[in-house]
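See below for the structure under consideration.
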Amino acid sequence: MKTSDFDYHLPEGFIAQTPVEPRDHSRLLVLNRKDGSMTHRHFYDIVEYLHPGDVMVFNDSRVIPARLKGKRVGSGGAVEILLLRRLEPNVWNALVKPAKHLNVGAQVTINSTDITATVTDVGEEGQRTVRFSDEAGLLSAGEMPLPPYIHTHLDNPDRYQTVYARILGSAAAPTAGLHFTPDLLVRIEHQGVRCLYTTLHVGLDTFRPIAVEDPRDHTIYREYGVISPETAQELTKAKKEKRRIICVGTTSVRLIEQAALVSPPGSVKPYNDWASLFILPGHQFRMVDALVTNFHLPKSTLLMLVSAFAGKGLIDKAYREAIEQKYRFYSFGDAMLIL
């Protein structure tokens, strides 16, 4: 298995620059793992593939306005700081640009504030530990951290949040959930589907491509996850009763599968810890039966996860079909339901 095995060519015009309105009017490719069939629908049709007793698992993490702009003290050079994870009061793990000029002791004044950021430690690949003189007003000075392949200004920052996002902490949105509307969630629950919410704060790996040829040599970035006792109990009950567990997004998959690794077979215990599970083809899925997901970047950990879930050959075929049918790709793009 090589990282290059997960490469594919996508014409640039297929990268969605703006979200579809309404949210649930995006397209939906329904992929059946049993017979390999593919059906083209709209996202609001997803209710037709859900059954009473199914469990849908969502990630309720909310994106923080994590992109800060400022100037380096002394030179006045422009600096960008992307907050990744809060380590303690006033101290954050962050990505910085330009990293080569921001070593230990370097200071940055944050635009439109009186806040000063001081680099206290240097990590790998542009990461820094940064101490801020004051956190009050820090996030209000930040911008929504849209992925680098989106070049169109987003007029409404809430469009990069799921409608059920509530717990601040992500550096990027769990984008499979962007297709859901409040009305669609009501329809799903009226279908007899139980909606459960977990939290996994999306971090660095969303921005970092796999740079090694053997993906098993790639170290995935840790992300903090929480599964409540109530959600863990419901998941365990569903698995014992052989009811389908349908994850919305790869983040929900990784968190549940991480928790299942440290739980008795066929169950999930409450979880409140770091998640660093890297799911590659060959992974034995313990809890997840179906998956709602977007179309992912070439050579990404997310593409490897869906390939592990549906089989690489079938995912390759589905992506070729999506390109042929002119689906929209990546964060603001269309979706796929893998059954």
Review point. What value does the chain have for Rg/Rh, both radii from Cα atoms and Rh as Kirkwood defines it?
Key: 0.97
Point to revise | Share of Cα-Cα pairs in region 122-205 lying beyond 18 Å, as whole percent | key: 59 percent
Study note, to complete from the structure: Taking N as the number of residues in region 101-166, the ratio of its alpha carbon radius of gyration to 2.2 N^0.38 Å works out to 1.38
Exercise for review: Could you name the lysines whose alpha carbon sits less than 20 Å from that of K239, not counting residues in the same chain fewer than 8 places away?
Suggested key: K34, K269
Point to revise | region 121-134 - phi-based ³J(HN,Hα) in whole Hz, Karplus 6.51/-1.76/1.60, Gly and Pro as x | key: 7, 10, x, 8, 6, x, 7, 9, 8, 10, 9, 9, 5, 6
Practice item. In whole Hz, with x marking every Gly and Pro, tabulate ³J(HN,Hα) for region 218-225 from phi via Karplus 6.51 cos²θ - 1.76 cosθ + 1.60, θ = phi - 60°. Key: 7, 9, 7, 6, 5, 10, 8, x
Check your understanding: Which semi-axis lengths, in whole Å and largest first, follow from the square roots of five times the eigenvalues of the Cα gyration tensor of region 227-339?
Key -> 27, 14, 13
Review point. Packing-wise, with mean Cβ within 10 Å as the measure, how do 100-107, 84-91, 309-316 rank, highest first?
Key: 309-316, 84-91, 100-107
Review point. Order of 168-180, 145-157, 36-48, 295-307 by packing, highest average Cβ count within 10 Å first?
Key: 168-180, 295-307, 36-48, 145-157
Study note, to complete from the structure: Log entry: pair-distance distribution for region 67-141, C-alpha pairs binned every 10 Å from zero, whole % per bin is 22, 63, 16
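Laboratory data are not the source of any read-out in this text; all were calculated from the coordinates shown. What you are looking at is a predicted structure, and each value in this text was computed from that prediction instead of being measured. Note that we place each Cβ from the backbone using ideal geometry, even for glycine, and neighbour counts take in every protein chain shown.
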